[in-house]
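The values are calculated or read from the model by the stated rules, or taken from the named source; none is laboratory data. Just so you know, these numbers come straight off a predicted model, no measurement behind them. We place every Cβ from the backbone using ideal geometry, glycine too, and count neighbours over all the protein chains shown. Heads up: the accessible areas ignore ligands, DNA and RNA and are worked out on the full protein's heavy atoms, side chains in. Shrake-Rupley method; radii C 1.70, N 1.55, O 1.52, S 1.80 Å.
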Amino acid sequence: MSWEEHVRRVDPYIPGEQPKDKDIIKLNTNECPYPPSPAVLEAQKAYPYEAGRLYPDTEATELAESIAGFYHVPADQIFVGVGSDDVLSLAFLTLFNGGGEVLFPDITYSFYDVWASLYRIPYRQIPVDDDFRIHARDYYDAPGGVIIANPNAPTGVLESVDFVEDIVKHNPGTVVIVDEAYIDFGGTSALPLIDRYENLLVVQTCSKSRSLAGMRIGFAFGSKNIIRYLKDARFASNSYPMNGMQISLGAASFRDAAYFHEICGRVVQTRERSKEALRGLGFSFPDSKTNFIFAKHERLTGREIYEQLRNRRIYVRHWQKPRIEDHLRITIGTDDQMDTLFSALREIVETTA
Ligand SMILES: *Cc1c(COP(=O)(O)O)cnc(C)c1O
């Protein structure tokens, strides 16, 4: 008998690369190309050196209240965590505990099956259709719960609030999680539904639309009960998940609504322009309501373009996986970065047989 037989083994999630080199045009992990709000910088400057001596506020009250103020939701219907990955992971552990299969699409955030495997939660992946659309009916009466990303990643496809409600309404006996990591780039949040459905959890993040991927701040909205279950599980494993810097800088970000709307607007503008440019180069893609475009070329393989871009020091995301191996997920950068990308793609398309 070996000690290794007692180990909980799991194949980890593989995140996009974070190159050391600063001059790489990095369009591979959906970060925002603009800096965080100037209010965040002010909060950082004002952050007291001696604050590190004491334990932080277990409830991250300042952050939760700042989020509450921005979204007009009571603070006891908000849960915060170390990035939405942390929130989602804990939600899997806590809310998908019934033993039945949890349903999610075959093409979606590739962390879902990893969490399910880690916690030994049975799951079934339902194929999206050829246009990468999800069908609500496939998710009715899910045996163990449902998780969907809306807009979906890496496809960029957005579904309506009615669509989300249709799924929630048909799962009164299990929890439905909606991962809204990209909702701020043109979608409508399912947030108002938490008043009517106790079994709904809406998860968002500061990583994409608030330019704070490095700070690791995620949050979720739900009924008082669902939030309480999450907090109980959290405080059963870690009393101080959020540090003082996350709490203070995160709170500052939510207080600056004007900046948030401005940078989301800029990303959306560049995205719309990028759609035109990519079409002109022979790419097609599902219509994106996110800060990335999931594009496939009419002639060249995904691998070919990915490698040639990489040689030109432009990183995009590519998966060698069935159904999506010829797609590239291209994060929307600044206008200048996108122009460099389009010139590189033009060269690649013109010179590759
Ligand atoms: C980026 C992303 C997340 C996680 O973001 P955090 O940085 O952990 O907040 C969650 N879900 C989807 C679909 C994402 O793309």
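Residue by residue, here is whether (1) part of a helix (DSSP H, G or I); (2) under 20 Å from D256 (Cα atoms) holds:
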| residue | (1), (2) |
| --- | --- |
| E17 | no, no |
| P36 | no, yes |
| T58 | no, no |
| V73 | no, yes |
| D86 | yes, no |
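Suppose the filter is under 18 Å from K231 (Cα atoms) and not assigned by TED's automatic domain parsing to the domain that holds M338; does L63 pass it? Can you show your working first?
Values: under 18 Å from K231 (Cα atoms): yes; not assigned by TED's automatic domain parsing to the domain that holds M338: yes.
Here the answer is yes, as L63 does meet what is asked.
Could we say that D106 is assigned by TED's automatic domain parsing to the domain that holds T205 and out of contact with any helix residue (DSSP H, G or I) (no Cβ under 7 Å at 6 or more places or on another chain) here?
Details: assigned by TED's automatic domain parsing to the domain that holds T205: yes; out of contact with any helix residue (DSSP H, G or I) (no Cβ under 7 Å at 6 or more places or on another chain): yes.
Considered against the rule, which asks whether it is assigned by TED's automatic domain parsing to the domain that holds T205 and out of contact with any helix residue (DSSP H, G or I) (no Cβ under 7 Å at 6 or more places or on another chain), D106 comes out as yes.
Go through the range 197-218 and give me each residue that's among the charged types (D, E, K, R), within 20 Å of G186 (Cβ to Cβ) and more than 8 Å from the ligand (Cβ to nearest atom).
R210, the sole residue that qualifies.
Mind checking which residues of the range 89-135 are among the aliphatic types (A, V, I, L, M), part of a helix (DSSP H, G or I) and touching a Leu at 6+ places or on another chain (Cβ under 9 Å)? Talk me through it step by step, then tell me what you get.
The initial filter retains those residues of the range 89-135 that are among the aliphatic types (A, V, I, L, M), namely 90-91, 93, 95, 102-103, 107, 114, 116, 118, 121, 126, 128, 134.
If we keep only those that are part of a helix (DSSP H, G or I) too, we end up with 90-91, 93, 95, 114, 116, 118.
Those that are among the aliphatic types (A, V, I, L, M), part of a helix (DSSP H, G or I) and touching a Leu at 6+ places or on another chain (Cβ under 9 Å): L90, A91, L93, L95, L118.
With the structure loaded, tell me whether D138 is outside any loop (DSSP other than H, G, I, E, B), more than 16 Å from the ligand (Cβ to nearest atom), modelled with pLDDT of 95 or more and not aliphatic (A, V, I, L, M) or whether it fails that test.
Criteria met by D138.
If you go through the range 153-162 one residue at a time, how many are more than 16 Å from the ligand (Cβ to nearest atom) and open to solvent by less than 30 Å² (accessible area, probe 1.4 Å)? Before the answer, list the steps.
Filtering the range 153-162 for residues more than 16 Å from the ligand (Cβ to nearest atom) gives 160-162.
Next, only the ones that are open to solvent by less than 30 Å² (accessible area, probe 1.4 Å) stay: none.
Residues in the range 153-162 being more than 16 Å from the ligand (Cβ to nearest atom) and open to solvent by less than 30 Å² (accessible area, probe 1.4 Å): 0 in total.
For the range 40-52, which residues satisfy the criterion of being at pLDDT below 95 and over 12 Å from M245 (Cβ atoms)?
E50
So if I check each of P33, P15, P48, P19, which one is within 25 Å of the chain's Cα centre (by Cα) and open to solvent by 50 Å² or more (accessible area, probe 1.4 Å)? Walk me through how you get there before you give the answer.
Working: P33 fails: open to solvent by 50 Å² or more (accessible area, probe 1.4 Å); P48 fails: within 25 Å of the chain's Cα centre (by Cα); P19 fails: open to solvent by 50 Å² or more (accessible area, probe 1.4 Å).
On inspection, the qualifying residue turns out to be P15.
Show me the helices (runs of 4 or more DSSP H) found entirely inside the range 175-293 where at least 2 residues are hydroxyl-bearing (S, T, Y). Steps first, please.
Numbers: elements: 224-235, 244-255, 257-280.
Once the helices (runs of 4 or more DSSP H) in the range 175-293 are filtered for at least 2 residues that are hydroxyl-bearing (S, T, Y), what remains is 244-255, 257-280.
Checking K26 against (1) of a type outside the set (D, E); (2) in a loop (DSSP other than H, G, I, E, B); (3) under 29 Å from R329 (Cα atoms): exactly one of these is not met. Which one?
Failing condition for K26: (2).
Check whether at least one residue in the range 93-109 is within 16 Å of the ligand (Cβ to nearest atom), open to solvent by less than 30 Å² (accessible area, probe 1.4 Å) and hydroxyl-bearing (S, T, Y), and report yes or no.
Within the range 93-109, one or more residues are within 16 Å of the ligand (Cβ to nearest atom), open to solvent by less than 30 Å² (accessible area, probe 1.4 Å) and hydroxyl-bearing (S, T, Y).
Consider the range 13-38. How many of its residues are modelled with pLDDT of 90 or more, more than 14 Å from the ligand (Cβ to nearest atom) and more than 19 Å from H318 (Cβ to Cβ)?
Number satisfying all stated conditions: 6.
Looking only at residues that are among the charged types (D, E, K, R) and within 18 Å of the chain's Cα centre (by Cα) in the range 96-132, which one is farthest from S284 (Cα to Cα)? Spell out how you get there, then give the answer.
Our first condition is that a residue be among the charged types (D, E, K, R); within the range 96-132, this holds for 101, 106, 113, 120, 124, 129-131.
After this cut, where a residue has to be within 18 Å of the chain's Cα centre (by Cα) as well, the list is 106, 113.
Numbers: D106: 21, D113: 28 Å.
For the range 96-132, the residue satisfying everything is D113.
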